[in-house]
Structure formats: structure tokens, C-alpha cells
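The next block holds one structure in the form of C-alpha cells; read it before the comments.
The values are calculated or read from the model by the stated rules, or taken from the named source; none is laboratory data. Note that the structure is a prediction, hence the values are computed from the model and not measured. Using ideal geometry, Cβ is built from the backbone for each residue, glycine included, and neighbour counts are taken over all protein chains shown. In case anyone asks, the SASA skips ligands and DNA or RNA and just uses the protein heavy atoms, side chains included. Shrake-Rupley method; radii C 1.70, N 1.55, O 1.52, S 1.80 Å.
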Amino acid sequence: MRIEDVICPFCGCLCDDLVVEVQGTTVVSVENGCTLAHEKFTGDNRLQAPIKRDGRTWHPVSYDEAIETTAQILLEADRPLLYGWSGTNGEAQSIGVHLAELLGAVIDNTSTVCHGPSIMAIQEVGHPGCTLGQVKNRADVIVYWGANPIEAHPRHMSRYTTYADGFFVKGAFLERKVIVADVRETETSNIADEFMHIEPGGDYAVLSALRAIVRGKADIIPSYVSGVAREQLVRVAEMCMNAKFGAIFFGLGLTMSRGKYKNIRNAVELTEELNRFTKFTISPMRGHWNVYGSNEVFTWISGYPFAVDFARGIAFYNPGETTSIDILRRGECDACLVVASDPGAHFPKQCCRHLAEIPTILIDPHVNVTTHLSHLQIPVAVTGIDSEGTAYRMDGVPIRTRMLYKSRYPSDREILEKIYQIVLKEKGP
Amino acid sequence: MSELLIRNACVIDPLNGINGEIMDISIRDGRIVEEVSGNAQVIDAAGCLTLPGGVDSHTHVCGTKVNFGRYMSPEDMRAGRTARNGCMHVTSGYSVPTTFGNSYRYSNMGYTTLLEGAMAPLEARHTHEEFTATPHQDMMANTLFDGNWAIMEAVRDKDVRRTAAVVAWYLKAARGFAIKLTNPGGTEAWGWGEDVSGIHDTVPNFEVTPAEIIGTMIRANEVLRLPHSVHLHCNNLGVPGNYQTTLDTIGLVPDLNKTRQSLYLTHVQFHSYGGTTWRDIDSKSEEICKAVNNTPQVTIDMGQIMFGRTTTMTADGPMEFKLYMLHRNKWSNHDVELETGSGIIPVYYFRKSMVNCVMWAIGLELALLTKNPWQCLLSTDNPNGAPFVKYPEIIALLMSKKLRDQECALLEPRTEHHVPLFAIDRELDWNEIAIMTRSAQAKALGIRDIGKGHLAPGAEADVAIYPLKTSEIDPSTQYQQVIAGFSRTKFTIKRGRVVSRNGEVIVDGANSTIWVKPKVPEEYNLSNDPDFVRKFQEYYTVRMSNYPVQDVYLPRGVCIETEADL
Amino acid sequence: MKVILETKPRKKPRIPIEAETIIPQNFLRGTDITVFEGNKERVLDDLFYISVEGPAVSPDQVEIILRGDTGMIKRVGEYMNAGRIVVEGDIGMHCGNFMSAGEIVIQGNADSWLGREMRGGKITCLGNAGHYCAAGYRGEKRGVRGGRIEVMGNAGDFTAEYLSGGEVRIHGNAGDLAGVELREGTLVIEGSCSRPCGNMTGGTCMVFGKINDLLPTFKSLGIKEVDFEGKKVRMEIFRGDVANRGKGTLMRAV
Amino acid sequence: MNFVLNTGRTIKQGSYVERKNSDGYRDEASACRMNPVDMMELDLEDGVNIKMSSPAGSVVMKAFSCQSLKRGEVFVSLGPYANHIIDGETHGTGMPDFKTTMVHIESTDEDVVPVSRLMEECGGWPYED
């Protein structure tokens, strides 16, 4: 069976033009997708059935037993952590937040280790952004800052920016200027019209300098700022000010480096400054597929996009305190439910140690790094392949992913709903 | 079968001409009926003021921009936090509460039906997701067309029929309720960082004017026989001297519909400014109300501001940027490809600020100077003018000259010379308040026929019983009781079920989403139109097949089908 | 009145205790107070050995002594408006949040967010303070608005972020981005720090140690003699941050 | 010799994201890209094993030369190997120093261990299917 306009469940681009050929319960070919999409759809490394570890032996268990065990572990915990959520759909995320409020748990999503700092910056200064089509149809200057879309978002440039022809930009490749700012040369910086090669940890200073230049204070800028020559900074500032429509896309190069969210705050304030002269927008390159959806769902239910602590009944939010890395590093939580993500691969060792120490349950289709740290894993269908639901693109556009075939796996939504019902019964209405 | 009998209610039901009659209301299976059996559950209203459930015809409670208001404002979430309690979910937030926070607070005030003021079709799915998490109110969404490329092309070609066909396609795709125009043409210009300055400016690259967009859309709206009229946020919001734009706009409106207005102008307070700068701004409410009084085919809502902290959010991107340049706090902007834009900034309205005082006065003046209460509805453009929890205070201000005088004494002293409010003696009565908070809203939205805004047999059993004995309270002096009474119902009944009681939410709730599907002949179905399809696939970043909102997002959808006159 | 709270051993000692109720005014009505241990509400008696000495008729006559394993107790002194709290060891996060009057003395180290959004009163920490010492709340435009916070040891990153009034004194070193978004008030760092005062729009920051990675958007106005606590000190004066309005003052000892 | 460790996505790491126990993932996640001059100074051939350490711990990786990296900087794709030496400290922001951790690199005879073994070191137990 050939299915058109399929939505890719890999990165935040949420490309929705894939053509997928399905035979039975196998995807046999993917057209239009990037390498990552191809791997995602054709991967065949699913965990077969729920598994449970007793000391040093793993053995299969039934779904019912796995669900019951999970509910009991969560009910017994004094400070449970519910982490992950980016690889699943909004409907499952919504159950997750309700489960957290019922349990008095901390719920956090993978923003913690990607664009959490971007959210914190937005909470200080806002976010002048737009949907990706605005960029495609209008932008004549594109800035990638601390981002390497060729490796992380392979079709970003062809669908939305550098190579994407739009209504007002008919010949994108010739009409668009690309500026790249990074601490290392990358495939992306190689195609830039202007590459600012910044010393590690120097982004904040460079952004401050650009802001000062845009404010007409170029004279006080020293001849080099974190490895970037003043002449280049002035040139870049002028390119931006003379743009008809400029768009900055930034990645983890800003969120994870020294200063963290203050880097992004500085970039947002640069964007706001540029709007006095022309139209400029800024957007985070959200990585993990539906991570933006988890921010949205968490927000409308709890008021906060990530790192929400329901311990005192009310919602409390304070990154650095209620974020997963910090809670695990300090050894606070006494049980952890991981859904649709892999902290084992992406958290520092200290955090992994604590996950191994406490009862950790993983709900994920695949054997991943966290599996080895868990006490129980429940395999589920993959949203966008054998289960469907809502996902939010990196620019906030919600799209409904499709179920390409019916498999034998339950969806995470079904599993979570059952856990929720057991907890609800125990806790009372 | 479930039956409920409300005894000894003091009913005001303006759509049925009932004004303060003590009577019983019978409810069976969610509808008002003539009578119920002896097995019915009985509620004794004990002579308390009993109204149809409140209808808010312009509020921002769900969707991309509202949620971004929450997302960017942890400082707002600090206020209003409540823990999970019984069937009540956790709530947070003051000016942009969480969905459950909105729903419970509206419910406590007796509101049962809400119109979300602005939904970009591309992001409609988000609005509908939040609707399902707003359990106590039936929801509808105004659908944004102000910068829609296909609309502007049809308007440029002076093709009302094609305009109607575009509206029909998008309304159905977005599961929307009505046409919303926010600063028509201005949001497209904002795509380049520009704006339009009046209804006769030309929109860059599209060779149309706001006046042409508004005029054509009003006609297309009637061609499609939509229940509601065009819902317009005029150009030049918040600009001194903008009343002229508003008057010009009112001057455009033909009288095309016998059952309701032909144009709904929203938050008119923000559009009634005289003067040329913030220094000499003054109220032009008298001019605006004169035009409204002379133009029965328009209906307005107040857009009242109240002093204190709130968050402004609108599809009017350029206006928010201007506001940001004044406040320098934080600013979010979100342009939506081929359709519209939006902006959000937090604001604080100060009594010390003459401008804010003038704004405050204008809202009240609009309500007091519009002769016919069916033409001026109570709103704050929640949360732009103030969070909706301020409605009871606004009601009290409209009912009491004494309270207004007290408040006026606290205003920035120059205000008196810039507004007529001080000299206005009118005090609205209970019936007029009922009209302005539910009946006229239901009529303006065109949902009376599906049983909203009134209590005659056949109507939806949405009832608000307030702890107010109208015979014992003099609102012109006992305004504190009025505020307390409208803040917290004794009972809020939604579709025949008591959902909240004395401020406590007692059931989980299950709302409906009301949407409109105009039926157009096959030749006007744009899914088959090669030009429309080609442009869609070339310029949108979402494939056409993935664009429409699926039925699964409206688990309790109520579809109003219309037969287009095409 | 003296209230002594000594911690009892806990089964899960790493679970934080949320103790915003531990403020002097609450003890006027006795010790029938609850705190949260994780998601469980506990009476004070479950977690502390309590002893009360002497009477009090107003909160300013109440002194609370916290003793034992107090490093995981959060929010002690939050919204405190009178009286005194002495922590004999370390204290957890958010000590003295929003406090408006009274005094807190911490004899050990303080965890992050010490005196967050403080309005008045005095906090002294004899050890080190964590990150965001004397900082603001997420998303709020103003941080500490009044009062005095003194840290005898070092402070972490983002010290006095959004400072909008009052006085913050760090005797040791401060971390990265000290005084970031500073608006009003005074921050004095006797030791060193890096990238101080990013995006400052007003107020004053004095650094007596070394400034690492001074931001490029600070303009030197030369060296001047400045009065500091009755002494004359030679400081290089910078105006900044010119990435923003450039109305703040940063001084570096020479 | 000391270096600044930078981590980030690579397309290869991304394509193994659902097969993290494969040799391919191990090879990519444990590949340390370095400036060729630095490698010369440490006497490292392309593909030899190195031990990378920081105060948070140490881990064995393989060194590969990469012209585009500046001297003193190394790049490893994000994953469990890099995370073995990145500290959990977040400076009160929730985000560890994934991009700017100071590390020490030396040559070693030890082998690169599989992902499951790394997790065993953290107290977990390998699951082999």
C-alpha cells in the first residue's frame, strides 16, 4: 500500500510530504524523506514484549502485570519523576500531566536537555517568531546560529530556507543570503555567505556586540570579540539591517554553551532591536520531533512548558531546581517513569547512576540505552507509524500524524490511560 | 432520562420578554421543557436572579497565541494557583490561566458558552485541542481571514462568490464558527514589518484595501448565510485619532440581515480615540455611539479595560509591536503564513496614567451611550482589557453612578477634561445587564436557534442562578453585593447538569464545539480548484491533505450547516 | 520566644522538605505546622525535635533555630516579615524568598536562590551561597527590591540577577554573569567574577577582585577615586551595558 | 593534553537513534574528532583508542582527525560516551555543560566498551535481545 503525505516522526521539521510504501506491518520504502526519516520508518528493532528485571535477570511479563507494577511503584513514591514525552503524541502527553498532578510528581520533558534554556529566555523577553512558511515565502537573509541543520534537521534548508522557493523569493538559492555563527566549521557553515567563527563560550559577547552595533555604538567594540573581527560584525549587522525579511534559527550551540539561556535572551533582544529597522524573526531549531508539543500540552494544563513540580499539589516551576538533571543529580526522586525518550543516552553519568538506583520504568518501543538502567520496560507502538496523534512542528503548527498500519502493540496512550485509571482509583476522585 | 426542576427562580430572559418573573424552570435531558415529572431533582432558587447561561462573544481562552501567553509568563502563573481537588484539575494563572482555570472561573461566574476571538486556520487543531480541555463551556472559534492570500486575491478580483467559496473552504477545514478580520490587510503588511494606516490604504503586493476586504467579506458572509456576521477588529487599534477609521468603517456597513447585525465590531474601546498623540488623546465615545445608534446593522462590544496587570494578545501583530515599543517589557510575535499574524505583550494599566484612565472611561461610555443594549455587549476582550474575572466589577460600574463617581475621583486628574463619563448619569438595570452578558450575545452570534441565550422550552438548559435577590438590592448603592453576586453563582447548570455550586466545581464536564459548515455547490468547492490547489501546495508548508482539522478533534462537535446562496 | 527545630533522621534524606511555613509569625500560634516532604504533607513533629522556650506576643520576638541536617530544607523564611531565623548548618534553596523584614543568619552554606525577590530585612550567610543568590523569579522583571544580603564566602552564577534595589555583598568570589540584568541597587563583589553585569540597565556593581571576560559592550570612563565605606579606593569606571541602554555603572579595582 | 569538549548531533548518530545497542551507534557515539596537529602532538593515529577524562569521570573513545576543528577543541556526537565525562552541574539552569566541558585526553590500550557496559558501570544491567 502506498500512502502519500505521510508525516515524519523524527525531528521538529515534521515534514509532511513523505510517500511511504507499506506491506503488512512493514515499511518497505520511503520517498522524499531524509536519511533520518528512512531509518525511523524502516527500523525493525522493536522490543517484543514487556520485560522486567529482577536483580541480574531479565524476563518477559504481561502488559497487565507491567501496568499494575508501574502504577504501584508510582503510588508508593514520595517524589516520582515523569520524564520524556517528546517522542509521543499530545494525547498521551496530556494523560501524563494529569497523572503527574494526581501523583504529586515532577513532570519534565526533553526540553530540559535541548531548548529549555530557549523557553527560559522567552519567559524573560518574549519571542518574535513566525511559522516556517513566512520564512520560505519572504526571507532574504537567513541566520543559523549554533545550529547545524544539515546534520540535525536535514531538510530544513530545502523545505523552509536556503533552497526553498517562495512567493516573494522565486529563486531562493540566488536571492537569499545565509549567515552562520558557530564555534566550529560544519557542513552548514561551508555554504554560508558569511561565517562567524566564534570561540567556544563566546556567543554572548558576540551577540552583545551586534546589539551595540545595531544601536549605533560600533565605535566602542574592540577589534576582536571572541575571535570575530569587528569588521565582520559590522558587516553582519548591516546585512541584517538591510534585509527585507530576516530569520534567525538557533540551535543547541546557544542553549548548551556557557551562559545558557542568557545567550538566547541576547539573541532575542538582537532580533527585537532589528525590528526597529526591518522585519526580523527568531526561531529555535526544535530537535526531538514532538518536543514542542509537550511544551504546549504541559502549558495549557499546568501553566508551565517543562519542569513542573506538583509535590505541593499546585504547579511549581523553576528550571535548575525542578528540572530532571538537577533532581537526578541531587538524588531526590525515588521512582522514575520514562516515556518516549532516552535519558540513559542523553543525561550525564551521575544522573544515570541515580536512575539505576531507583525503580525506573521505561515506556518506549525500542531497546535503548535507558533499557539497561530500567527495572521494567513496556514496548508500545510508534506514533506516526503504527499509532496516531497530534504533534507540534518546531514553529508551533500542529499536525496529526498517521497510523500507517495496525500493529500488535498498544499505543502509549492506552498504556498510560490504564496506569492513570489505577492511580485514580487508589487516590480517589 | 434526567430531570431537574428549578423552583422559585427570579427569571430574566430578555429574548423571551421575561423580566423578573418568579417561576419554575423544568429541564429534561439537557433541554428546557414545559414540565417534568415528580421524580425530578429539585433545586430551590429561592427568588434568586436566574439567567440563561452567560455567553462571551469575544474572549481569548484557547489556541496558539493564548497558550504562548501562558508559556512566556511564569510570573503570571504564580497567581491563582490551586491544587487538584476532587474532580477539579490543578489551575494556574491570573491573566492567562490554564484551560481548566479559565473554564472553572467562567463557570463560577455563570458562563456556559464562549467564542474564542481568533483562530488561525493553519493552527486550528491547537485551538480545538484546548477546547476539549475547557470542559464547562460550549466553545466556538472565530476564524482569521484578515491576511488570507486567497481571500485578498478574490477581493482584488471583486469576486464575492469566490470570496465566499474561500471562506467556506477554510471554515470547514478549520472547524471554525465565523469570519474574523483583525486589522484586515495590516497583518499581511506586517509580514514586511509594515502596517496600514486607514481603510483606504493599499495592502503591499495585493492591491486591495481594508475597506474592500471588509465590504466583500460582509457580502460573502451573507451569501454563505452564516449564523454570525463578520467579526471585525478595526484597523488602527490603539492609535490616537483612530475613531475616524472606526467611523469610516461603520459607514461601510450595508444592512443585509434581518435577524442580526451585518457587522460586529469588537473591543471598540480601543478604537474610539481622538487626539493626535498620547498627550492629547481624548474620548470619542459620543461620536462612535452616535454612529452605532444610527446604524442598527452594527453591534459592538466594549473592550473595557480595568486597572492592574494583564496580558494583551491579538492577531494584530503590528499593534503589539508598537505597544512593545512603549512598554519595553517583553514581546512575542507569531506571523502565520498566508493567513494572519499575532502578538503578545504583558501590560499594566495604571490609574496614574491619563491614557489608561481615558481608555477606562471610554469602555463604560460606550455601554452607557449606546441606547440599545442589544447593540453593545459587555466584554474586556479578555484578557486584553482585563481578565474576565473583572466582569462583575464592570457590571457594578454600569449599574451604579455612585460607584463610578468614587472611581472617577481616583483617576489621573486631567482625565475629566478628556472624557464625557463624569457627566453621564445613566444606570443600567438588571434586564439590560442580562441582555449585554448573554441574550444579545447569543443573538449577535446567531446561536439563539440552537438554544443558546434564552430559557424557553427547547433551549439548551444552560442556567446561571446568582445569589442576588433583585427585589431587595439597590444596585446603585449596594454595588458590593452586585459584584459578589455576579462573581459566584449559587448554581451553574450546563446542559441540565449542575457543574458548579457556590464557587465549587462539582463535575468534570463535557463541552461541545459549535462550528459552521456552509454547503457550496460543487463548482465552488476549492478542493477541486486547480489554481487554489497549486498555490496551496507551493506556498504553504503543510500539505493540503494534512491541513483540515479531523473530526477526532471535536469529540462533541455541533455542526451548523448552512445552504450557501451561490 | 525561642523555637529550636532539630532534624530527625529520615528514611529518604535526599528528598527535599518544602518548609515555607517555617517563619516566625507562624509560631505565635504554636508548632502545629505542616511541611511537605516530597509529595507527602507532614506535621513538623514528624521531621523535627521541637523545643520552645519563652513566650512571644509578636513575631519580632520569635527566634527560630534550625539544627541538624538542614541542607535539604527549602523555603525557610519565605515571606517572613519579622523576627529572626538562625540556621546552624547549611540551608536548602529559596531561603528568605520574598522576605520583607527580620533577619536570617546561616552559619553554613546556602543553596541556590537565597533571598530571591527579597523586599527588605537582612540575610547573612557565613559560608558559600549557591547560584542565583539574591536573584529574581523566572519571568519577573524585578528581582531583589530592598534589604541586604551578605555572603561571607563565595556565591554561584547569576548572582544578583535582576537586582532592582537594596544591597548585595559577596565577600568571596561570584560566578559567571554576576549582576546580569542589573537595574538598580548595589552589588559588591570583593573577590573575582566573570562577565559581570551583562545587559545591565542601571545600578552599580563594584568588583574588587579580577573580572574575567569583561563584555565588549562596556565603555571605560577612566580611573577615579571612589568613596567606599569611608575609604577612598581607586576604581576603573565602566558605563554599560551599551548593548542595552548603557545607564549602569561597573567598577573594577585597580 | 587538555581540550574543550563540544558535543552535538551528527546525521550518523541520528540514523542509529533507534538502534543504540548496535556497533554502528557505538562507533559514532564514541568517535572523538580532533585537530590533526593535536593528534600529532599526542602521537595519535587515526582510529586509535584514547581515554578522555574530566572531574566527572573517564571513558575510552577512538580519535579521528578532523581538519575543520580548531586546535584545543574536540567534538563528540551527543550520547552516552560524552555523557560519561560531562558533569551534572547545571548552574541553576537545568542544562549541563554539554558544549563546553574541559577534558583531558591521553592514549590508552583499553577498549571502547559497548553502551550496555557503560550503563552497567552506572549500576544498571545489560539487556540483550
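List of remarks:
- Flag: C:Glu150 does not match the condition of being open to solvent by 10 Å² or more (accessible area, probe 1.4 Å) and more than 22 Å from C:Glu78 (Cβ to Cβ).
- Region A:40-75, subset touching a residue at least 24 places away in the same chain (Cβ under 8 Å), charged (D, E, K, R) and open to solvent by 30 Å² or more (accessible area, probe 1.4 Å), residue nearest to D:Val17 (Cα to Cα): A:Lys40
- For region D:78-116, the set of residues classified as among the hydroxyl-bearing types (Ser, Thr, Tyr), in contact with a strand residue (DSSP E or B) (Cβ under 9 Å, 6 or more places away or on another chain) and closer than 30 Å to A:Gln123 by Cβ consists of D:Thr100, D:Thr101, listed by residue number.
- All positions within region B:172-191 that are within 22 Å of B:Pro204 (Cα to Cα) and in a helix (DSSP H, G or I): B:Gly186, B:Thr187, B:Glu188, B:Ala189, B:Trp190
- Restricted to region B:1-102, the set of strands (runs of 3 or more DSSP E) holding at least 3 residues that are open to solvent by 40 Å² or more (accessible area, probe 1.4 Å) comprises B:18-28, B:41-44.
- Of all residues in region C:42-100 being part of a helix (DSSP H, G or I) and of a type in the set (Asp, Glu), the one that is nearest to the chain's Cα centre (by Cα): C:Asp60
- Within region D:57-120, strands (runs of 3 or more DSSP E) holding 2 or more residues that are farther than 18 Å from A:Arg258 by Cα: D:57-65, D:101-107
- Answer from A:Gly253, A:Gly246 - the residue that is assigned to a strand (DSSP E or B), touching a residue at least 40 places away in the same chain (Cβ under 8 Å) and not polar (S, T, N, Q): A:Gly246
- Residues that are open to solvent by less than 10 Å² (accessible area, probe 1.4 Å) and either assigned to a strand (DSSP E or B) or of a type outside the set (Gly, Ala, Ser) (or both) within region C:111-128 comprise C:Trp113, C:Leu114, C:Arg116, C:Glu117, C:Met118, C:Ile123, C:Cys125, listed in sequence order.
- Pick from region A:211-238, criterion assigned to a helix (DSSP H, G or I) and facing another protein chain (nearest Cβ under 8 Å), ranking: farthest from A:Lys262 (Cα to Cα): A:Ile220
- On inspection, A:Thr69 passes the criterion of being in a helix (DSSP H, G or I) and touching a strand residue (DSSP E or B) at 6+ places or on another chain (Cβ under 7 Å).
- Inspection of region A:394-407 finds no residue satisfying the criterion of being in a loop (DSSP other than H, G, I, E, B), surrounded by fewer than 22 Cβ atoms within 10 Å (Cβ to Cβ), at pLDDT 95 or above and within 14 Å of chain D (Cβ to nearest Cβ).
- Index of the failed condition, D:Glu18 passing every other in (1) at pLDDT 95 or above; (2) buried (at least 21 other Cβ atoms within 10 Å of the Cβ); (3) within 14 Å of chain A (Cβ to nearest Cβ); (4) not in a helix (DSSP H, G or I): (1)
- Of the strands (runs of 3 or more DSSP E) lying entirely inside region B:481-560, not one contains at least 3 residues that are hydroxyl-bearing (Ser, Thr, Tyr) and at pLDDT below 95.
- Selection status of A:Ile385, away from chain D (no Cβ under 14 Å) and touching a Pro at 6+ places or on another chain (Cβ under 9 Å): no
- Within region C:66-110, restricting attention to residues that are more than 22 Å from C:Thr31 (Cβ to Cβ) and within 14 Å of chain D (Cβ to nearest Cβ), the residue that is surrounded by the fewest Cβ atoms within 10 Å (Cβ to Cβ) is C:Met93.
- On the stretch given as region A:256-309, residues that are in a loop (DSSP other than H, G, I, E, B), over 19 Å from the mean Cα position of the chain (by Cα) and of a type outside the set (Val, Ile, Thr) total 5.
- Within region C:175-190, the set of residues being on the phi < 0 side of the Ramachandran plot and open to solvent by 10 Å² or more (accessible area, probe 1.4 Å) comprises C:Gly175, C:Asp176, C:Arg183, C:Glu184, C:Thr186, C:Glu190.
- Apart from one condition, D:Val103 fits all of (1) under 30 Å from C:Asp157 (Cβ atoms); (2) open to solvent by 20 Å² or more (accessible area, probe 1.4 Å); (3) within 13 Å of the chain's Cα centre (by Cα); the exception is (2).
- Look at (1) facing another protein chain (nearest Cβ under 7 Å); (2) over 21 Å from B:His128 (Cβ atoms); (3) touching a Phe, Trp or Tyr at 6+ places or on another chain (Cβ under 6 Å) and you find that A:Arg286 fails only one, number (1).
- Residue satisfying condition, being more than 25 Å from B:Phe491 (Cα to Cα) and in a strand (DSSP E or B), within set B:Ala154, B:Ala141, B:Ala150: B:Ala141
- On the stretch given as region C:238-254, residues that are part of a loop (DSSP other than H, G, I, E, B) and touching a strand residue (DSSP E or B) at 6+ places or on another chain (Cβ under 9 Å) total 5.
- Count of region A:26-72 residues which are within 14 Å of another protein chain (Cβ to nearest Cβ), within 28 Å of the chain's Cα centre (by Cα) and within 21 Å of A:Leu373 (Cβ to Cβ): 7
- Test: residue in region A:129-147 that is small (Gly, Ala, Ser), more than 11 Å from chain B (Cβ to nearest Cβ) and surrounded by fewer than 21 Cβ atoms within 10 Å (Cβ to Cβ): no
- Test: A:Asp78 is assigned to a loop (DSSP other than H, G, I, E, B), over 30 Å from D:Gln13 (Cα atoms) and either within 14 Å of chain C (Cβ to nearest Cβ) or within 28 Å of the chain's Cα centre (by Cα) (or both): yes
- Residues in region B:81-115 that are at positive phi and at the interface with another protein chain (Cβ under 9 Å from one of its Cβ atoms): 2 in all.
- Of residues in region D:71-129 being among the hydroxyl-bearing types (Ser, Thr, Tyr) and in contact (Cβ under 8 Å) with a residue 60 or more places away in the chain, the one farthest from the other protein chains (Cβ to nearest Cβ): D:Ser107
- Filter pass, A:Ile419 being in contact (Cβ under 8 Å) with a residue 24 or more places away in the chain and in a strand (DSSP E or B): no
- Here the condition is being among the aliphatic types (A, V, I, L, M), surrounded by fewer than 24 Cβ atoms within 10 Å (Cβ to Cβ) and away from chain C (no Cβ under 11 Å); of A:Ile95, A:Ile107, it holds for A:Ile95 alone.
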